[in-house]
Each structure stands twice: as C-alpha cells, then as structure tokens.
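The values are calculated or read from the model by the stated rules, or taken from the named source; none is laboratory data. Everything numeric in this text was worked out from a predicted model, so none of it was measured. In this analysis, Cβ positions are derived from the backbone assuming ideal geometry, glycine residues included, and neighbour counts consider all displayed protein chains.
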Amino acid sequence: MVSFITKNGLQEFEKEMEERIEKRKKIAKSIKIAKDQGDLSENAEYSAAKGQQAENERRINWLKNIIKKSQVVENSTKDKVVVGCFVELKKIANNNLVSFQIVGTHETNPILGKISCESPLGKALSGKSVGDQIEVETPQGKDEYILRKIS
C-alpha cells in the first residue's frame, strides 16, 4: 500500500536510517565487549546492548518499508489543499486561527503543527480552496472552519 509523504519527510526518514545504520556498528561493538566479559546469563551490559540492537533493527526495518512504499507528493498548487500544503483556518465558533501542514500519515506530529492527510480534518480539507467552509466531526462534536490561506 502506497503512503503519501512530503519531500522533507522522506529526507528526514532517509537521514534517520543512515544514522541508525551507523549506530548498528556501535551497538555491535558494545555486544562484543559485553560478550568478552564472560557469563552472558547475568551480564546486564550484554542484555542492554541486545535490547538496543533489537530496537534499532526494528526501526531500520520500519524506515526501509516506509521509504520503499512512500510516494513523494510535491506541493505544486496553492489553489487546493493537498499533502504538503500549509493551511490557515478560522474556527467559526470562536474566530480562533489555527495553522498547520498537511502531511503523510507517518510524518504526523501535532506538536510541530503537522496533521495527517488521513485524519478527519485532513480528509475534510483535501481538495478545498480558500474561502471554503469545512465541517469536521470530532469526539467533542462538530467543528466548523473557514479555509483562509493555502501556501
């Protein structure tokens, strides 16, 4: 299944993968040093290094899969909301402005203002233009917004 991703998101995942492949060598050295200490059944350093190795390998495999199956979406339009766009919305209920970037599912990070194109709001915004009104059903009820800006 293909996932959408921004060019920047793909570059971040590729960079992380390079760092984790480099980290693999350091972990291997830690395992060798711990093995050289003797009895592995009570060797905390060995157990910790093996745990780090397993976690690192899981993340490398996840990253490889995401990079392989992702399709980079270029934000070539400012007329309609697509993956990669930055949007500004005005919440109708209180006139508050909110801004964020629409990103692929694996790049989602609300703290950094990145919401998934698969989220309810991301789906509601897809293909919309400046001035459009958007309704989104949330656990707290229906929210209504006006799309003020696309960049």
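The table below lists the values:
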read-out	value
Flag for Ile92 being farther than 30 Å from Ala124 by Cβ, surrounded by 11 or more Cβ atoms within 10 Å (Cβ to Cβ), among the aliphatic types (A, V, I, L, M) and without any contact (Cβ under 8 Å) to a residue 60 or more places away in the chain	no
Residues of region 4-46 that turn out to be among the charged types (D, E, K, R) and either in contact (Cβ under 8 Å) with a residue 24 or more places away in the chain or within 20 Å of Trp62 (Cβ to Cβ) (or both), as a count	13
Flag if Glu12 is under 30 Å from Ala124 (Cα atoms), in a helix (DSSP H, G or I), outside the structural domain of Asp143 (by TED's automatic domain parsing) and among the charged types (D, E, K, R)	yes
Test: residue in region 28-44 that is under 25 Å from Leu112 (Cα atoms) and not assigned by TED's automatic domain parsing to the domain that holds Thr105	no
Check on Phe4, outside any loop (DSSP other than H, G, I, E, B) and either at pLDDT below 95 or under 22 Å from Lys149 (Cα atoms) (or both)	yes
Residue match in region 82-93 (condition: assigned to a helix (DSSP H, G or I) and modelled with pLDDT under 95)	no
